[in-house]
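Structure, as structure tokens:
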Amino acid sequence: MTILLGSIADDYTGASDLANTLTKNGLRTIQTVGIPDAALDLPDVDAIVIALKIRSVPAASAIFLASEAYRWLYGLGARHVLYKICSTFDSTDAGNIGPVTEALGSMAGADTVLVTPAFPETGRTVYFGNLFVNGQPLNESPLKDHPLNPMHDANLVRVLARQSRGGVGLVELPTVSAGTAAVKSRLYALRDKGFSAAIADALVERDLETLGAVALQMKVSTGASGLGLGLARALVQSGDVPLNPTTAADIIRPVGGLAAIVVGSCSSATLRQVEIAEQSMPVLRLDSERLIGGSDEISAAISWAGERVAKGPVLISASGTPEAVAELQSRYGRDVSGHAIEAATSHIAAELVTRGVRRLVIAGGETSGAAVDRLGIPAFLIGPEIAPGVPVLRTVGNAQGEMLLALKSGNFGGENFFATAMSMMR
Ligand SMILES: Nc1ncnc2c1ncn2[C@@H]1O[C@H](COP(=O)(O)OP(=O)(O)OP(=O)(O)O)[C@@H](O)[C@H]1O
Ligand SMILES: O=C(O)[C@@H](O)C(=O)CO
């Protein structure tokens, strides 16, 4: 198999977000969980998005796993590799966006790597290097309270510089608006100064088309789905992409079975979606302290679901308000509480599947990564979009037989997301 575009996504919801954007923009795309086993039968595709769980791991592990994925994609002939990061630049001063970008840049022999998390469709814009989330500066948005990567600085040139060895430059909006030649000469000027990366501004899709066209002439780039859109459109424009015969309807053929939703995201969007779901389905709010304390809360959740799930979808949520999360973390530490809750939610998801759930929505990137790993799903085909950035996924090659999943990024989806998802997954 030869592919046109490869991507390494730093979490699983982000991978399905990007795979959705590439599919919508004309590329036949598959999402794999890690580098797939040679025995896995993959369909012919234009793009492969490798989902990794490297957003919140030590930088050295992130570099190692991303480098392996890069080599594999390069071996398949990928013309370009996009390192997919979060549109809200989720990371800490220890990484991992800077270290992985620099590692991939040097493996590819790239000059200055173009970096932009802009994704206007979901309200993420970058102006003079500052990231706005639905019009609010990043550090004033709900991301300031993220349980794992609280974001306290909207200036991405500064944020990325704190994570990088080389200098970080800026390709500001007037240069992007001036077109591809202007962006290229700015990048060459930054390269001559020895900068390893440059944050690029983008407010609208036209800006991302310009950035995508420039990125495609280079070996690697770093960005969110917006840059994916630009790369996909540039590839389609190049005339090298064959027509896509698969329809979204093929991918959401009903699978039957029972349906459930497991929530570990604590974002303000998800908290509201859980509240609204209470009007249309049974909702269980887990006690996070008891989840960390032992397995009783898990067993209780499984029997609660067992009594209800035959009648319709059920929702089980671990998430808490920013105050409750801060309180729990002050007692157990950020990583210990996060990992213990991910282990619990993935255990619950796996038990539900053992009991016949075949349609599963998971909310939260780390939460999704833990659950998909536990279920042993090797790959996904990409179906229609439930909300911007969240497609219906059909599993490929998993032991439980075909399932439909949706992996919802914490901040994505409207208030009615969970009921809408269930209505599309039959
Ligand atoms: N009540 C809680 N208290 C503390 N931590 C929690 C609680 N509930 C969930 N968590 C943890 O918060 C983290 C949420 O991260 P996750 O990536 O799943 O969601 P998200 O960041 O909103 O989603 P995304 O990465 O897709 O934007 C997980 O580690 C989860 O285990
Ligand atoms: O880019 C985004 O915001 C999402 O795809 C994501 O990565 C959330 O985890």
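Each of residue 416 and residue 217 was given a label point 7 Å from its Cα along the Cα-to-Cβ line. The distance between the two points is 4.6 nm. Computed about the Cα centre, the dipole magnitude for the stretch 251-424 is approximately 560 debye when only Lys and Arg (+1) and Asp and Glu (-1) carry charge, each at its Cβ.
Rounded to the nearest 0.05, what FRET efficiency do residue 311 and residue 67 give with R0 = 35 Å and r taken as the Cβ-Cβ distance? Could you check?
The formula returns an efficiency of 0.15 here.
Among 40, 271, the ranking by other beta carbons within 10 Å of each residue's beta carbon, starting with the fewest, stands as 40, 271. Our note on the geometry: Cα centres of the stretch 1-40 and the stretch 45-112, 13 Å apart.
Ordering 328, 148, 229, 360 by the number of other Cβ atoms within 10 Å of each residue's own Cβ, fewest first, gives 148, 328, 229, 360. With θ taken as phi - 60° and the Karplus curve 6.51 cos²θ - 1.76 cosθ + 1.60 applied, the whole-hertz 3J(HN,Hα) list for the stretch 373-386 is 4, 5, 6, x, 7, x, 6, 9, 8, 9, x, x, 7, 7 Hz, x standing for glycine and proline.
With angles folded into 0 to 90 degrees, how steeply does helix 12-24 sit against the dominant principal axis of the chain? Use alpha carbons for both and round to 10. Taking Cα atoms only, the helix is inclined about 60 degrees. As a calculated quantity, the FRET efficiency between residue 280 and residue 399 at R0 = 41 Å, using C-beta atoms, amounts to about 0.85.
Go ahead and estimate [θ] at 222 nm for the chain from helices alone: -39,500 (n - 2.57) per DSSP H run with n ≥ 4, summed, over the residue count, rounded to 500.
It comes out at -12500 deg cm²/dmol, rounded to the nearest 500.
In the chain, if the dipole is taken from +1 on Lys/Arg beta carbons and -1 on Asp/Glu beta carbons about the Cα centre, which of 62, 337, 73 is farthest to the positive end? In the chain, that residue is 73.
Projected label points at residue 295 and residue 60, each 7 Å from Cα along the beta carbon direction, are separated by 3.3 nanometres. In a simple Cβ point-charge model (Lys, Arg +1; Asp, Glu -1; nothing else charged), the chain has a dipole of about 540 debye relative to its Cα centre.
For residue 53, a cut-off of 17 angstrom between C-alpha atoms picks up these lysines, skipping any fewer than 8 places away in its own chain: 84, 408.
Axis angle, to the nearest 10 degrees, between helix 225-237 and the longest C-alpha principal axis of the chain: 60 degrees.
Just subtract the alpha-carbon distance of residue 248 and residue 182 from 0.36 nm times their residue separation and send over the number in nm, one decimal. Write out the running numbers ahead of the final one.
On the way: separation 66, 0.36 × 66 = 23.76 nm, distance 3.80 nm.
Once the chain is fully extended between residue 248 and residue 182, it gains 20.0 nm.
Residues 46, 10, 145, arranged from fewest to most other Cβ atoms within 10 angstrom of their Cβ, appear as 145, 46, 10. To the nearest ten degrees, helix 59-75 and the longest principal axis of the Cα atoms of the chain are 70 degrees apart.
Each value in this text was obtained by applying a stated rule to the coordinates, not by laboratory testing. The shown structure was predicted, so the numbers you read here are calculated from the model rather than taken from an experiment. FYI the Cβ positions are ideal-geometry reconstructions off the backbone, even for glycines, and counts take in every protein chain you see.
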